[in-house]
Amino acid sequence: MSTKQIVYIGEFDKYDNKGNTMCRNTGCFKPIKHPFKKYCSRECNREFEKWYYHNFYWERVRSDIFKRDDYTCQLCKIKYKYTYRRKFARSKILECDHIVPKSQFKQLGYKFDTLEEKIRTVTEFFHSHDNLRTLCKICHKQVTKDYLKKRKMQLVGLEDAGG
């Protein structure tokens, strides 16, 4: 994929029609207030940072999935050791797998061209807990291998059909 699929926090900066900075929090359209540089209040600051952290910060999302799945591979059902470092679950063996591969986002109608589309794509697809699961490295490697083999077969089938 040619474009970086990251939603940067700076992309949430908002301005009114006079160019004055408005609260960055989604759904809030108040002007910023001192001492905050990007928010109208401490509440908006906390609310936005928590929302951003849990939806756009991959290490946080990944750690949440490991915890939800009880540090257990969802295919072989083996529970693995983990550690916590800087508030994130870490494992040398566990990986976070996209059930529907990220490469399918365009085919499923997701886009990455506006901030609104980026937010929708990340929250509903890339980092959606419904599309993520914990796998051990061995199972993840096999799932990826099977997917690539299936995709190759589909491409060969398209070529044979004249597509």
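All of the numbers you see were taken from the coordinates with simple rules; none came from a lab. None of these values were measured; they are calculated from a predicted model. Here the Cβ is made from the backbone with ideal geometry for all residues, glycine too, and neighbour counts use every protein chain on show.
Miscellaneous remarks
- Axis of helix 137-160 versus longest Cα principal axis of the chain: the two differ by about 80°, to the nearest ten degrees.
- When the alpha carbon coordinates of region 1-56 are projected onto the principal axes, the ranges are 40, 26, 18 Å, largest first.
- Sparsely packed loop sites in region 49-141 (the trypsin sites (Lys or Arg not before Pro) outside DSSP H, G, I, E and B with at most 15 other Cβ atoms within 10 Å) comprise Lys77, Lys81, Arg86, Lys87, Lys92, Lys106, Lys111.
- In degrees, nearest ten, helix 58-68 long axis to first principal axis of the chain (Cα): 60 degrees
- The distance from the alpha carbon centre of region 85-124 to that of region 1-43 is 23 Å, rounded to a whole number.
- If you take all other residues with their beta carbon under 12 Å from the beta carbon of Gln74, and give Lys and Arg +1 and Asp and Glu -1, the sum is 0.
- Kirkwood Rh and Cα Rg combined as Rg/Rh, region 72-163: 1.07
- The chain: angle of helix 42-56 to the longest principal axis, Cα-based, in degrees nearest 10: 20 degrees
- Pairs of lysines in region 85-163 whose Cα atoms sit within less than 24 Å of one another amount to 26, provided the residues are eight or more positions apart or on different chains.
- Reported label for calculated P(r) over Cα pairs in 5 Å bins from 0, in percent given [x] 2, 8, 15, 18, 17, 16, 12, 8, 3, 0; [y] 1, 8, 13, 14, 15, 14, 12, 8, 6, 4, 3, 1, 0, 0; [z] 2, 10, 19, 24, 21, 14, 7, 3, 1, 0: [y]
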